[in-house]
Amino acid sequence: MDEPTSSLTQEDTERLFQVIRKLKTEGVSIIYISHFLEEVQAVADSYTVLRDGRNAGSGPLAGTLLEEIIRLMVGKAVEEMFPRVPHQAGDVLLSLRGLQGLRMAEPVTLELRRGEIIGLAGLVGAGRTETLRTIFGLDAAERGTVTVAGRAGAAHPSARIGQGMGLLSEDRQGEGLALPRSLTDNITLSRLRPYRRGILLDEKRREAAAAGWMRTLAIKAPGPRTPAASLSGGNQQKAVLARLLHQQADILLFDEPTRGIDVLSKAQIYEWIGRLAAQGKGILFVSSYFPELLGVCDRIAVFYRGRVVADRPAGAWTDERLMAAATTGKA
């Protein structure tokens, strides 16, 4: 089973685990691949860690700490899975007032400040993705307002990009990347002005810029001409992040940015999110993985059936409280 829970709800995930346990009692052997180590702990008897195509370590799960497995996965000791970069919230950068789009069940009111990371928690289908898509203009707004740096009004995606907004889609391969195109194209297409020479583009400068972002984000690929389709999931996600950084976005809408990528890439993305907040950028961070919201975010707003039922500092939440609010709507 290869990442079998990547698109499942918590309830469906537990059903799957029950099926796995039943199959085990019937003598069926299972190889279970997952980046969610808590799942591995819940269903597996032993583990094997693969790193760079080689066996980095194996053993029984009983008595093995997650920190030991993470160390094998990244090749070094990990003191902190969620690196904290100091940052401070400033002026309001994005304001939603009763915003409701075509695919949103309820209106949403929310404020995001410069240098702030707000997590959007909830179950699959709770309305988090629909909210981000309406903010960015991919879905039309039916009512309410989106105010960006003091300016209100509806807009389409190209206008949002011009206002300093960037979206990292949960559908990395379908929407986040032009897979057949080169890394140069994927990283630079949303901001081509620096490379224009009349009606032509300076391809050498574009490639140099893409190569620079590849070094900055440690994207593993032969070069900037490499097609995005040939990269691993983690490197593809870093290429999407490179585009938003190259775009110089001030408001970053991250929708499941660590889904289906390796532990090391996750830690790198967490660190970059902190760095971006330290630069004064505002970040909305959608995730179904509560530990990363608790580890990375300053505030967490919980969605339940399309509406925000609670919005509190991250320190006021626990896994259990987030799950209760996400599943019952009671905070």
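The values are calculated or read from the model by the stated rules, or taken from the named source; none is laboratory data. Only a predicted model underlies this, so the values are computations on that prediction, with no experimental measurement involved. Virtual Cβ from ideal backbone geometry, glycine too; neighbours counted across all protein chains shown.
Within the set of pairs 6+ apart or on separate chains, which have a first residue in segment 166-193 that is in contact (Cβ under 8 Å) with a residue 60 or more places away in the chain and surrounded by fewer than 22 Cβ atoms within 10 Å (Cβ to Cβ), a second that is assigned to a helix (DSSP H, G or I) and of a type in the set (Gly, Ala, Ser), and C-beta atoms under 6 Å apart?
From residues that are in contact (Cβ under 8 Å) with a residue 60 or more places away in the chain and surrounded by fewer than 22 Cβ atoms within 10 Å (Cβ to Cβ), the pairs are Ser169/Gly176.
Per-residue answers, yes or no, for (1) in contact with a strand residue (DSSP E or B) (Cβ under 6 Å, 6 or more places away or on another chain); (2) among the aliphatic types (A, V, I, L, M); (3) within 26 Å of Ser34 (Cβ to Cβ):
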{"position": "Ser190", "(1), (2), (3)": "no, no, no"}
{"position": "Glu203", "(1), (2), (3)": "no, no, no"}
{"position": "Arg206", "(1), (2), (3)": "no, no, no"}
{"position": "Ala211", "(1), (2), (3)": "no, yes, no"}
{"position": "Arg215", "(1), (2), (3)": "no, no, no"}
{"position": "Ile219", "(1), (2), (3)": "no, yes, yes"}
{"position": "Pro224", "(1), (2), (3)": "no, no, no"}
{"position": "Leu245", "(1), (2), (3)": "no, yes, no"}
{"position": "Phe254", "(1), (2), (3)": "yes, no, yes"}
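Pro257 - would you say it is surrounded by fewer than 14 Cβ atoms within 10 Å (Cβ to Cβ), at pLDDT below 95 and under 29 Å from Gly90 (Cβ atoms)?
Values: surrounded by fewer than 14 Cβ atoms within 10 Å (Cβ to Cβ): no; at pLDDT below 95: yes; under 29 Å from Gly90 (Cβ atoms): yes.
Taking the combined requirement at face value, the residue does not satisfy it.
Test each condition in (1) aromatic (Phe, Trp, Tyr); (2) in a strand (DSSP E or B); (3) over 20 Å from Ala267 (Cβ atoms) for Phe17 and report the one that comes out false.
Every condition holds for Phe17 apart from (2).
Looking at this structure, is Arg97 in a strand (DSSP E or B), in contact (Cβ under 8 Å) with a residue 40 or more places away in the chain and either of a type in the set (D, E, K, R) or in contact with a Pro (Cβ under 8 Å, 6 or more places away or on another chain) (or both)? It would help to see each step written out before you state the result.
On the way: in a strand (DSSP E or B): yes; in contact (Cβ under 8 Å) with a residue 40 or more places away in the chain: yes; either of a type in the set (D, E, K, R) or in contact with a Pro (Cβ under 8 Å, 6 or more places away or on another chain) (or both): yes.
Taking the combined requirement at face value, the residue satisfies it.
Within segment 43-64, restricting attention to residues that are polar (S, T, N, Q) and touching a residue at least 12 places away in the same chain (Cβ under 8 Å), which residue is surrounded by the most Cβ atoms within 10 Å (Cβ to Cβ)? Break it down stepwise before answering.
Of all residues in segment 43-64, those polar (S, T, N, Q) come to 46, 48, 55, 58, 64.
This time we only want the ones that are touching a residue at least 12 places away in the same chain (Cβ under 8 Å), so: 46, 58, 64.
On the way: Ser46: 11, Ser58: 11, Thr64: 16.
This residue is Thr64.
Which is under 25 Å from Gln173 (Cα atoms), within 12 Å of the chain's Cα centre (by Cα) and crowded, with 22+ Cβ neighbours inside 10 Å, of Ile273, Ile219? Walk me through it before giving the result.
Working: Ile219 fails: within 12 Å of the chain's Cα centre (by Cα).
Answer to the check: Ile273.
So the check is Cβ under 8 Å with 6+ separation or different chains; which pairs have a first residue in segment 301-328 that's exposed (fewer than 13 other Cβ atoms within 10 Å of the Cβ) and a second one that's part of a helix (DSSP H, G or I)?
Here the result reads Thr318/Leu294; Asp319/Phe290; Asp319/Pro291; Asp319/Leu294, each pair linking segment 301-328 to a residue that is part of a helix (DSSP H, G or I).
Under the condition of being under 16 Å from Asn235 (Cβ atoms) and touching a helix residue (DSSP H, G or I) at 6+ places or on another chain (Cβ under 7 Å), which residue from segment 194-213 is surrounded by the fewest Cβ atoms within 10 Å (Cβ to Cβ)?
Only one residue tops the list, namely Trp213.
So Val40 clears everything in (1) out of contact with any Ser or Thr (no Cβ under 6 Å at 6 or more places or on another chain); (2) surrounded by 13 or more Cβ atoms within 10 Å (Cβ to Cβ); (3) of a type in the set (A, V, I, L, M, F, W, C); (4) not in a strand (DSSP E or B) except one condition, right? Which one?
The failed condition is (1).
Out of all the residues in segment 81-126, which are surrounded by 20 or more Cβ atoms within 10 Å (Cβ to Cβ) and hydrophobic (A, V, I, L, M, F, W, C)?
Selection gives Leu93, Leu94, Leu96, Leu99, Met104, Val108, Leu112, Ile117, Ile118, Leu120, Ala121, Ala126.
From (1) in a helix (DSSP H, G or I); (2) at pLDDT 95 or above, pick out the condition that doesn't hold for Ala326.
Unmet condition: (2).
Given the structure, is Ile30 in contact with a helix residue (DSSP H, G or I) (Cβ under 8 Å, 6 or more places away or on another chain), assigned to a loop (DSSP other than H, G, I, E, B) and of a type outside the set (Ser, Thr, Tyr)? Before you say what the answer is, go through the steps one by one.
Details: in contact with a helix residue (DSSP H, G or I) (Cβ under 8 Å, 6 or more places away or on another chain): yes; assigned to a loop (DSSP other than H, G, I, E, B): yes; of a type outside the set (Ser, Thr, Tyr): yes.
Criteria met by Ile30.
Taking segment 175-223, which residues are of a type in the set (A, V, I, L, M, F, W, C) and outside any helix (DSSP H, G or I)? Write out each step before concluding.
Filtering segment 175-223 down to residues of a type in the set (A, V, I, L, M, F, W, C) leaves 177-179, 183, 187, 189, 192, 199-201, 208-211, 213-214, 217-219, 221.
Answer for segment 175-223, where residues must be of a type in the set (A, V, I, L, M, F, W, C) and outside any helix (DSSP H, G or I): Leu177, Ala178, Leu179, Leu189, Leu192, Ile199, Leu200, Leu201, Leu217, Ala218, Ile219, Ala221.
Which of the residues spanning segment 224-259 are in a loop (DSSP other than H, G, I, E, B), touching a helix residue (DSSP H, G or I) at 6+ places or on another chain (Cβ under 7 Å) and not hydroxyl-bearing (Ser, Thr, Tyr)?
Pro224, Arg225, Leu231, Gln247, Pro257, listed by residue number.
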